[in-house]
Amino acid sequence: SFERELASLRDAFPSLRIEVFERDGPLIVLGVYHDSIQVEREAKEVILLLRPRHVGLELCERRFKRLFPRNIEGFLALDDEIKKKMMLRLPLGREQFKAALTAHQIGAHIHLCDQDVKATERKFLAALPPEVIIAGSFTALNWSRAASVAAWAPLLWRFRSILKGRLPKPDSDSDKFRSYALQPARINGLLLLAEEIAKAPNKTSKQRQQELQEAVEKAIDEEIQEGKMNPVEAELERAAQTHILDYRDEYLWRNLCRMSTTEVAQDMTSATAPKAPEKLETSWKNLAACSLGVVGIAHLDGFLKLSEMAATARSDSMIGEPPTQLPFWRTLLGQPLLWRLRGTLRSDGGGG
C-alpha cells in the first residue's frame, strides 16, 4: 500500500525527514539538514530512485546563480578537476547543488521555489517600527549605550506633552506611550512619575526633562539587571517569525504545490523528459514520477500546518508582495540587523 511504501522509504533514508502531500498527485518533500554529506547522498539517491518529473529547490534565482554561474550545462562542461575545486569552495547549499545536478541528470524540471533573499529582507525591515530598527541595529553593533538612547528617546519625546501639563487620557492616548524599550508596568510607573515632575514647582523645563530622562535610563538598567525580555528583542523575534520564517514557509509551500502547472525557465531544465523507472526496488512504485521538493527541515512543520489549513478551507494567508524599495534610512539603519539575522540563520542547525 501507499503507507507501507512511505514507511519503507523513510526507513531506507533515515537522515531525511520525508513527508508526502496529495496535491494533484503525490508531492514528496525531503526535509534536510543543510550541508550534511550524508543528507546530500540520501537526497541524491531518493531522486534517482523515484525519478520525479518536477524537483523544487529551496533556492531563488540569485542563489541558483551563485551555485551555477554558467548554469548546470556550463558546470557539467568543465574539467573534472575544476568541478571538484568549485564544489569544495561552496559556502552553503551543497545538498541543493547535488539535488539540482541529479534532477538535471534524470531530466526533471527544476523549480526555484524560494523568494529572493533581498525581497524577504525588505519585507522584514518594512514591518519594524523606527525605534526598533535603530535600537536593534545599535545592539547588533554592541553599542549598548547608543541602543539605550535610541530606546528611551522616542519614549521621552512622547512624555513631553505631560511635562508641558497636557495629561493623557487613560484610553485614547495610551498608544502614544507604547515603548519597545520597557515593559508596560514600567511605562505606567513612568507616566505617574512624569505627572509628578510636571506638577513640581520651581523647576525649569530643562530640569524636568533631565529628571525624566534619568528615570527612564534607570528603569531600562533595572530591567536589564532583572533579566527581563527586552521589548526590542521581543519585537524583532516576532517580526522575524512572521515576516521571514512563516512567510517563507508559505512562499515555498505555494510554489512547491504549483510545480506541475508552472512554466520552467528553459536554461534550468534538461531537454530529456523524465521517465518512471521500469524496475524499482521493493514497493515504491506509487511514489515514482511524482513532484519532489528539497527544503530545510525546519519548514516541514509549517508545510503540515498549511496543508491542514487548505484541507479545512481556512484562509489565513500572509502572502503579499514585499516592497520593491525601502526608504533610504530604513535600508541604511537596518543593515546591522540584517548582518545579525544572516548570522543567526546560518547557526540554527541548518534547518531553514
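The values are calculated or read from the model by the stated rules, or taken from the named source; none is laboratory data. The shown structure was predicted, so the numbers you read here are calculated from the model rather than taken from an experiment. Counting neighbours? That spans all protein chains shown, and the Cβs are built from the backbone with ideal geometry, glycine included. Only protein heavy atoms, including side chains, enter the accessible area calculation; ligands, DNA and RNA are left aside. Shrake-Rupley method; radii C 1.70, N 1.55, O 1.52, S 1.80 Å.
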Would you rank Ile297, Ile187 by solvent-accessible area, highest first, keeping every protein chain in place and using a 1.4 Å probe?
Ile297, Ile187
Quick one: how many Å² of Val117 are accessible to a 1.4 Å probe, rounded to 10?
50 Å²
Counting heavy atoms of the protein chains only and a 1.4 Å probe, report the per residue accessible area for the range 21-86 as a whole number of Å².
51 Å²
Counting only DSSP beta bridges with both partners in the range 1-153, the antiparallel fraction in percent, to the nearest 5, comes to 60 percent
With a 1.4 Å probe and every protein chain kept in, tell me what percent of the accessible surface of the range 1-125 is carbon plus sulfur.
50 percent
Sorted peptide list for 124-130, 326-332, criterion being average Cβ within 10 angstrom, highest first
124-130, 326-332
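Going highest first, how would you order 76-83, 2-9 by mean Cβ packing within 10 Å?
Descending packing order for the listed peptides: 2-9, 76-83.
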